[in-house]
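*Asks:* This structure is in structure tokens; I'll ask about it shortly.
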Amino acid sequence: MSYQSLIQEAGKLIEGNPKWSGITAEAVARMRLQNRFQTGLDIAKYTAGIMRRDMAAYDADPSKYTQSLGCWHGFIGQQKIISIKKHFNSTDRRYLYLSGWMVAALRSEFGPLPDQSMHEKTSVPALIEELYTFLRQADARELGGLFRDLDKARESGDQVKAAQIQSQVDNFQTHVVPVIADIDAGFGNAEATYLLARKMIEAGACALQIENQVSDEKQCGHQDGKVTVPHEEFVAKIRALRYAFLELGVDDGIIVARTDSLGAGLTKQIAFSAQEGDIGDRYNAFLDAEEVRPGENLNGEVLITRGGKVLKPKRLRSNLFQFREGTGADRCVLDCINALENGADLLWIETEKPHIEQIAGMVDRVREVIPNAKLVYNNSPSFNWTLNFRQQVFDAWKEAGRDVSAYDRAKLMSADYDETELAAEADEKIRTFQRDASKRAGIFHHLITLPTYHTAALSTDNLAREYFGDQGMLGYVAGVQRKEIRQGIACVRHQNMAGSDLGDDHKEYFAGEAALKAGGAHNTMNQFAA
């Protein structure tokens, strides 16, 4: 509804209640606009629609990929979207990512934890709710500023300006964007996965990312010791997510099925197989197994048949079974096809390096079966991007017969190479990686899982070095505040960002001329008005 329509609607309601004489229709309309989303389910339904439209747009034109940055606090997510609106005037195709790694490292009551699903699972839906609380507050704050400007334009008699501001209100783009939320390996069995998914969706998540690792042995995707589960167990969890979406009325909720098989060489159990060639048999076909010898002691061993032979899968002292080396890519392809055929919407292939052709090689095979297969890809800080791309350029040059004698491949990270032609070409490949990978490798969504974990550490190190060193207070002023002012960072007016002006608006609605407001002449935030 338009601003004026809301005012008229509220006016009719107030007219029918004579005891509400102190309530103004315009204030009601403003508060309703500032609180557009009443529940997390409202948000999940709205943002699922955004993602579905973006997925269709990408299918038609792969240059229209989407992006996000990982968050560990509502304020961090809010500032990202405020910055996106400031720099690009639109949040189109920009999301937020909720990283389980950062929840474990930064949100657990146990203190910092590795990414092994040891943190409280309730902290994940709590963070989703927190993210949307801050994003909704960003809406209220920005609209509040427009309403104050509208009042000033009216007071000065500038009808043209007032009409322009009202048009901005009517065409306001919310800060509420899709959140892709990490549910790890489901934190238990399929029932546990379903229960947690419900909480995450109720908090506002329209997209849930689940991985095919064993819940109680879950590892970070870029560490060793990963253990996958047979496809039937993973499909049960995909179905659990879908049931949670459908139960709550989010009919177009998105499921991102992640495979860690490329770097996972272990499984905890042999898959059930009813007949040769079924999904269980295909999973077991990758096991490292040896033919049983006559008279061999088979006490406690598990046996399988393959090609008419009885085989004993290799079992480690940890009681885990081992896959054959070199089968990771084949297992990823099978994982992806099976997940899409059983209800997943998007794929996530966890890789050990950012290499477009490696990703594309697997996606091409998946698309032979499912032509519109699309990926979410982790542009991970676990990769040494500089070294990886310099080595890729080095290898390409060498293969093309170019002279690379001036470079030491093992030391290409060195600053000594920063001004070289090789480094420049590598940086250009990094710059265009997302665009090129979306076109070549079917990547619909690019994300960085842990960006603000690293930016917080880097900026804190810089501030500590300056402030506690010779620069003293200038370390803060020159390194932080002056940059905030000149770059137009809204948080330089931190009282406003925290909601002080919103509170003043409400005080005026509630108490009229008797309101005691914080934003008067003696508020030091006025120093930043310009």
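*Asks:* Sort out for me the strands (runs of 3 or more DSSP E) sitting completely within segment 266-325 that have 2 or more residues that are within 20 Å of F234 (Cβ to Cβ), touching a Ser or Thr at 6+ places or on another chain (Cβ under 8 Å) and not assigned by TED's automatic domain parsing to the domain that holds K226.
*Replies:* Ranges flagged: none.
Condition check ((1) under 25 Å from L502 (Cα atoms); (2) surrounded by 13 or more Cβ atoms within 10 Å (Cβ to Cβ); (3) not β-branched (V, I, T)) across all residues:
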site	(1), (2), (3)
K19	no, no, yes
T24	yes, yes, no
A29	yes, yes, yes
D42	yes, yes, yes
A56	no, no, yes
S63	no, no, yes
Q67	no, yes, yes
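*Asks:* Scanning for something part of a helix (DSSP H, G or I), in the same structural domain as M55 (by TED's automatic domain parsing) and among the polar types (S, T, N, Q), does segment 393-411 turn up at least one residue?
*Replies:* Within segment 393-411 (the criterion being part of a helix (DSSP H, G or I), in the same structural domain as M55 (by TED's automatic domain parsing) and among the polar types (S, T, N, Q)), the answer is no, since none of the residues qualifies.
Residue-wise test of (1) farther than 25 Å from T47 by Cα; (2) of a type outside the set (V, I, T); (3) in contact with a strand residue (DSSP E or B) (Cβ under 8 Å, 6 or more places away or on another chain).
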{"residue": "K237", "(1), (2), (3)": "no, yes, yes"}
{"residue": "E247", "(1), (2), (3)": "no, yes, no"}
{"residue": "D260", "(1), (2), (3)": "yes, yes, yes"}
{"residue": "A271", "(1), (2), (3)": "yes, yes, no"}
{"residue": "I279", "(1), (2), (3)": "yes, no, no"}
{"residue": "L287", "(1), (2), (3)": "yes, yes, yes"}
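*Asks:* Can I ask one more? Kindly indicate whether R390 is within 24 Å of L450 (Cα to Cα), out of contact with any Asp or Glu (no Cβ under 7 Å at 6 or more places or on another chain) and charged (D, E, K, R).
*Replies:* Spelling it out, R390 is indeed within 24 Å of L450 (Cα to Cα), out of contact with any Asp or Glu (no Cβ under 7 Å at 6 or more places or on another chain) and charged (D, E, K, R).
*Asks:* Taking segment 4-58, which residues are among the aliphatic types (A, V, I, L, M) and closer than 30 Å to D436 by Cβ?
*Replies:* Selection gives A48, I50, M51, M55, A56, A57.
Residue by residue, here is whether (1) assigned by TED's automatic domain parsing to the domain that holds G442; (2) at positive phi; (3) at pLDDT below 95 holds:
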site: I7; (1), (2), (3): no, no, no
site: N17; (1), (2), (3): no, no, yes
site: E26; (1), (2), (3): no, no, no
site: A29; (1), (2), (3): no, no, no
site: G40; (1), (2), (3): yes, no, no
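*Asks:* Restrict the check to segment 139-147 and report whether at least one residue is out of contact with any strand residue (DSSP E or B) (no Cβ under 9 Å at 6 or more places or on another chain), within 30 Å of I255 (Cα to Cα) and surrounded by 15 or more Cβ atoms within 10 Å (Cβ to Cβ).
*Replies:* yes
*Asks:* Moving on to the next point. Check F389, F383 and return the single one that is modelled with pLDDT under 95, buried (at least 17 other Cβ atoms within 10 Å of the Cβ) and assigned by TED's automatic domain parsing to the domain that holds I254.
*Replies:* Answer to the selection: F383.
*Asks:* On the basis of being among the hydrophobic types (A, V, I, L, M, F, W, C), surrounded by 17 or more Cβ atoms within 10 Å (Cβ to Cβ), under 21 Å from the mean Cα position of the chain (by Cα) and assigned by TED's automatic domain parsing to the domain that holds P114, does F433 make the cut?
*Replies:* So F433 fits the description; yes.
*Asks:* Here are some residues: Y453, Y407. Which one is of a type in the set (F, W, Y) and free of Cβ contacts under 8 Å to residues at least 60 places away in the same chain?
*Replies:* Matching residue, one of Y453, Y407: Y407.
*Asks:* Determine whether L463 is surrounded by 12 or more Cβ atoms within 10 Å (Cβ to Cβ), of a type in the set (A, V, I, L, M, F, W, C), free of Cβ contacts under 8 Å to residues at least 12 places away in the same chain and out of contact with any Cys (no Cβ under 9 Å at 6 or more places or on another chain).
*Replies:* no
*Asks:* Let me ask something else. Select, from K85, K64, K121, K80, the only residue that is at pLDDT 95 or above and in contact with a helix residue (DSSP H, G or I) (Cβ under 7 Å, 6 or more places away or on another chain).
*Replies:* Only one candidate qualifies: K64.
*Asks:* How many residues are closer than 15 Å to I128 by Cβ and modelled with pLDDT of 95 or more when one looks only at segment 176-194?
*Replies:* Matching residues across segment 176-194 total 8.
*Asks:* Inside segment 478-498, can you point out the residues that are out of contact with any helix residue (DSSP H, G or I) (no Cβ under 6 Å at 6 or more places or on another chain) and more than 20 Å from N523 (Cα to Cα)?
*Replies:* Within segment 478-498, A478, V480, K483, R486, Q487 meet the criteria.
*Asks:* Now for a separate question. Which is buried (at least 20 other Cβ atoms within 10 Å of the Cβ) and under 23 Å from A60 (Cβ atoms), of L347, L334?
*Replies:* Within the list L347, L334, the selection yields L347.
*Asks:* Shifting gears a bit: Have a look at K45, K85, K12, K64 and point out the one that is outside the structural domain of A515 (by TED's automatic domain parsing), out of contact with any Pro (no Cβ under 7 Å at 6 or more places or on another chain), closer than 30 Å to Q164 by Cα and in contact (Cβ under 8 Å) with a residue 12 or more places away in the chain.
*Replies:* From the options K45, K85, K12, K64, the qualifying one is K85.
*Asks:* Check whether at least one residue in segment 293-311 is touching a residue at least 40 places away in the same chain (Cβ under 8 Å) and surrounded by 15 or more Cβ atoms within 10 Å (Cβ to Cβ), and report yes or no.
*Replies:* Looking for residues that are touching a residue at least 40 places away in the same chain (Cβ under 8 Å) and surrounded by 15 or more Cβ atoms within 10 Å (Cβ to Cβ), one finds none in segment 293-311, hence no.
The values are calculated or read from the model by the stated rules, or taken from the named source; none is laboratory data. Predicted model only: the values in this text are computed from it and were never measured. Because the Cβ atoms are built from the backbone with ideal geometry, glycine has one as well, and the counts that use them run over all protein chains shown.
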